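Novice: If you scroll down you'll find the structure; I have some questions about it.
The values are calculated or read from the model by the stated rules, or taken from the named source; none is laboratory data. Since we're looking at a predicted model, the values are computed, not measured. In case anyone asks, the SASA skips ligands and DNA or RNA and just uses the protein heavy atoms, side chains included. Shrake-Rupley method; radii C 1.70, N 1.55, O 1.52, S 1.80 Å.
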Amino acid sequence: MLDDWELWACAQQVIQQHKSDAPRHVAIRIGELAAAGDTDGVEAWSEIARRVDQLMDYRSGRPLSKQ
């Protein structure tokens, strides 16, 4: 499992790459990992999803750090 810092870094990277589609990208990735039976991957990406959720402003669809 990734440590807390790495999870935050992953979340930020996903937001930088996918912008307002970051939550959708994470959900798709979790689905792929679940279908493959990768429970560790699902757990890690679920933690990334939680952090993406905290970093995004859903009113504007932008990362909070860009406001």
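Novice: Taking the stretch 1-41 as the region of interest, what is the percent of Cα-Cα pairs per 10 angstrom bin, listed from the shortest bin to the one with the maximum distance?
Specialist: Spelled out per bin, shortest first, that is 30, 47, 23.
Novice: Follow-up question, since we're still on this one. Given a 1.4 angstrom probe, I'd like the percentage of the accessible area of the chain that is carbon and sulfur, rounded to a whole number.
Specialist: That fraction is 52 percent.
Novice: A further question on this structure: What residues qualify as long-range amide H neighbours of ASP57, i.e. H under 5 Å apart, gap of 5 or more or another chain, H built at 1.01 Å from N?
Specialist: For ASP57, the qualifying residues are ARG62, LEU64.
Novice: Quick one: length gained pulling GLU32 to ASP57 fully straight, 0.36 nm per residue minus the C-alpha distance?
Specialist: Net length gain for the segment: 6.4 nm.
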